[in-house]
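Okay, so here's the structure we're looking at.
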Amino acid sequence: MYIVKRFMTMILTIWVIASLTFFIMNMIPGDPFASDADVLPKEVVENMRAKYNLDEPVPVQYVLYLKNLVMLDLGPSIKSESRTVNDIIASGFPASATLGIQAIIVALFFGLLLGIVAALNHNKLLDNAAMIFAIIGISVPSFILSPLLINIFAVKFGILPVASWGTWQHSVLPTLALATTPLAVVARYMRSSMLEVMNQNYIKTADAKGLSTFKIVLSHGVRNAILPVVSFIGPLFVSLITGTFVIEKIFAVPGIGKYFVDSIFNRDYPVIMGTTVFFSTILVVTLFLIDISYRFIDPRIKLTSKGD
Amino acid sequence: MNHLLEVNNLEINFKTYGGEVKAVRDVSFHVDKGEVVAIVGESGSGKSVTVQSIMGLIPTPPGVIKGGSIKFQGKELLRASKREMRKVKGSKIGMIFQDPMTSLNPTMIVGKQIAEGLITHQKLSKQEAKKKAIEMIKQVGIPNPEERYNQFPHEFSGGMRQRVMIAIALACNPELLIADEPTTALDVTIQAQVLELMKKLQKDTQTAIILITHDLGVVAETAQRVMVMYGGIMVESATVFDLFENPKHPYTWGLLNSIPNLEGTEKKQLIPIEGSPPDLFSPPKGCPFAPRCKYAMDICLEEMPGDYQIDESHSARCWLNDSRAPKVEMPFTLEKEKTVTVGGESID
Ligand SMILES: Nc1ncnc2c1ncn2[C@@H]1O[C@H](COP(=O)(O)OP(=O)(O)OP(=O)(O)O)[C@@H](O)[C@H]1O
Ligand SMILES: [Mg+2]
């Protein structure tokens with residue numbers, strides 16, 4: 001059956017990504033203890049390498065790595081010895097995910113709305129305003145937008161707190177900062193999709209039935225226009241919930257983005273591999289879910305279909 | 001006498017990057033209650049634009065209704081508000097489009113697409129509308145109506161989809177049905193079935209029909225009157241009998257002459273009308289057909305002919321009908337046994 005097959009493909013994909021990550025990490029010259037080797041005695045470094053199985057031949061490392069992965073154990077971190085990769089994800093992911101989910105809700109809701117309104121006012125003032133906004137939203141980087149938001153809402157008007165995390169008020173500004181670009185992207189996509197749909201013959205049919213504009217737009221227009229937008233919700237969702245370093249840094253959000261960047265600077269192999277595999281798993285699972293849900297949204301795609 | 005539909009001096013342009021297209025020029029006609037009127041003419045002659053303007057379906061922009069009037073049951077539609085138009089559309093006038101493959105919403109079950117209009121116009125409850133919709137599906141000859149109600153358009157063949165379109169158009173018992181090439185996109189055998197169905201429903205309901213078609217055979221079989229369009233103008237209007245027996249416009253002659261004889265033993269070639277359709281951006285100041293017309297006189301290139309009234313129900317826009325013009329007869333005779341079947345674009 002399709003879902004089972006699709007599920008197997010998903011597992012396979014995760015395995016391929018995990019393996020690729022592993023071998024790429026192994027191909028990079030140098031290891032986490034390269035800088036220590038200059039200062040520490042040889043024996044100490046050898047001991048440390050042994051602790052992380054780095055003295056084993058690569059195939060053995062690989063098997064151990066996969067075995068742990070299946071047990072959902074992403075291994076210990078090298079730099080912060082007391083913490084495992086699982087700990088790091090557990091401590092950083094909730095904040096990132098909260099922020100990401102809020103951002104995607106904001107981005108989807110207002111993005112779709114903006115796109116629809118723009119399309120319905122094609123080439124009129126509202127359309128142009130919306131698209132200028134979208135272009136700004138896409139092109140202004142978050143490290144400029146974030147301070148701007150802080151300046152306006154926290155400093156000038158003092159209506160929202162910044163630089164800590166805890167209450168929902170704290171999450172408003174980072175959510176806005178994170179949502180702006182995807183919101184603009186969604187708006188542009190939805191607009192062009194909506195423009196195309198509103199030119200379709202079935203819209204003329206709906207019009208010829210004497211339905212209200214509201215009904216034509218909603219049940220015949222939006223319903224169809226949204227389909228192509230759904231297909232990029234997956235990657236968007238993942239990129240938002242996996243945290244963005246810049247925004248988390250600026251707003252002091254204790255998210256996972258910081259750990260990921262740190263781990264790269266520190267050559268903390270297990271953390272790099274662990275977070276990479278974790279992120280890709282989320283991506284692959286999300287794509288799987290979207291693919292399945294697509295088949296409910298679009299009746300032309302059958303769950304029983306072979307291939308693809 | 002009050003006509004069901006009366007169109008007078010309709011002018012419709014389209015603003016495009018290349019300039020303004022004069023799609024419909026000074027078109028006048030009427031349709032009476034229960035009557036079947038056909039519109040024929042080659043591609044781009046303005047047939048669809050004419051009928052879509054009745055339903056207020058011309059997108060503005062780029063379309064501009066330059067002038068004229070469209071009276072339906074005595075009411076001016078061109079000056080009706082959106083709200084008033086919605087009460088007419090789908091309720092008093094139904095419409096079937098050319099391409100059944102793209103005319104139904106792909107993500108909505110067909111039953112709902114039929115029921116929608118009923119809920120809007122007849123204020124039926126969902127349950128009642130569903131019952132009526134299933135009845136309509138049955139009426140247009142689709143088997144298993146209950147099951148079909150819940151299916152999506154892609155589960156229907158082209159012919160079946162066109163039947164669904166007919167069900168949608170007729171659901172609210174309209175006074176007028178506009179069918180814009182309802183069978184052009186279908187297989188020949190399916191064409192016949194769908195036409196048969198339309199004829200039967202027309203008999204049962206006494207709905208007036210405006211039928212756009214390329215097929216003079218269909219015209220002969222279904223319509224009482226026929227209008228010929230060319231280059232945005234109505235070049236001839238007559239009863240079907242008169243049009244075949246006594247056509248008064250050289251373009252109509254060309255149309256009739258291009259009907260292939262399928263039954264004849266000797267293979268008669270389909271005779272196309274020579275030349276190409278007029279440039280609608282800057283139409284010639286005279287008759288649009290003059291550049292292709294074998295009988296064109298000097299005046300034809302200079303001045304648009306008036307609408308010559310041949311008799312009470314027959315008129316033609318051609319200078320040859322002027323009393324000062326030389327007498328010209330149709331250069332051939334229609335064989336009585338000739339099968340009047342012209343496939344789609346072949347007239348052009
Ligand atoms: N939306 C539009 N924008 C610009 N021009 C248009 C538009 N709709 C129609 N036209 C122009 O109006 C003219 C008449 O078109 P129309 O669709 O009425 O032709 P038709 O007689 O129905 O032809 P066919 O047999 O191919 O359906 C054409 O030249 C066409 O290019
Ligand atoms: Mg047409």
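Structural remarks
- Rounded to the nearest 10 degrees, the angle from helix A:58-70 to the longest Cα principal axis of chain A is 50 degrees.
- Among B:126-133, A:133-140, A:101-108, sorting by the average number of other beta carbon atoms lying within 10 angstrom of each residue, highest first, gives A:101-108, B:126-133, A:133-140.
- When peptides B:32-40, B:207-215 are sorted by average Cβ neighbour count within 10 Å, with the highest value leading, the order is B:207-215, B:32-40.
- Over region A:1-89, relative contact order from alpha-carbon pairs under 8 Å, at least 6 apart, %: 15
- Sequence-distant contacts, meaning Cα pairs under 8 Å at least 6 residues apart, place the relative contact order of region B:125-206 at 27 percent.
- Once the Cα-Cα distance is subtracted from the 0.36 nm per residue extended length, the A:R83 to A:Y62 segment shows a gain of 5.4 nm.
- Computed [θ] at 222 nm, helices only, for chain B once each DSSP H run of length n ≥ 4 contributes -39500 (n - 2.57): -8500 deg cm²/dmol
- Label-point separation, A:I264 to B:E196 (7 Å along Cα→Cβ), nm: 7.0
- For region B:5-223, carbon and sulfur atoms together expose 51% of the accessible surface, with a 1.4 angstrom probe and every protein chain in place.
- Angle in degrees between helix A:168-198 and the longest Cα principal axis of chain A, rounded to the nearest 10: 50
- Estimated from helices alone, the mean residue ellipticity of chain A at 222 nm is -22500 deg cm²/dmol (sum of -39500 (n - 2.57) over DSSP H runs with n ≥ 4, per residue).
- Between A and B, accessible area buried - total, square angstrom, nearest 100, 1.4 angstrom probe: 2100
- For B:D187 and B:E155, the FRET efficiency from 1/(1 + (r/R0)^6), where r spans their Cβ atoms and R0 equals 25 Å, is about 0.85.
- Taken per residue, the accessible surface of region A:46-130 reaches 55 Å², heavy atoms only and a 1.4 Å probe.
- Cβ-Cβ FRET estimate between B:Q127 and A:V4, R0 fixed at 45 Å, reported to 0.05: 0.70
- Packing-based order for B:299-307, A:147-155, using average beta carbon neighbours within 10 Å, highest first: B:299-307, A:147-155
- Using alpha-carbon coordinates, inclination of helix A:2-27 to the longest axis of chain A, degrees: 40
- Per-residue mean of C-beta atoms belonging to partner chains within 10 Å, peptide B:146-156: 1
- Taking label points 7 Å from Cα along the Cα-to-Cβ direction, A:K215 and B:Q73 give a separation of 1.8 nm.
- Partner chain coverage, peptide B:108-117 - average Cβ within 10 angstrom: 3
- Mean Cα-pair separation over length for region A:109-234, i.e. relative contact order, pairs under 8 Å, 6 or more apart, %: 32
- Counting Cβ atoms of other protein chains within 10 Å of each residue's Cβ and taking the mean over peptide A:256-266 gives 0.
- Between A:K51 and A:I105, the contour length at 0.36 nm per residue exceeds the alpha carbon distance by 15.1 nm.
The values are calculated or read from the model by the stated rules, or taken from the named source; none is laboratory data. For clarity, every value in this text was computed on a predicted model and none was experimentally measured. Note that we place each Cβ from the backbone using ideal geometry, even for glycine, and neighbour counts take in every protein chain shown. Ligands, DNA and RNA are excluded from the accessible area calculation, which covers all protein heavy atoms including side chains. Shrake-Rupley method; radii C 1.70, N 1.55, O 1.52, S 1.80 Å.
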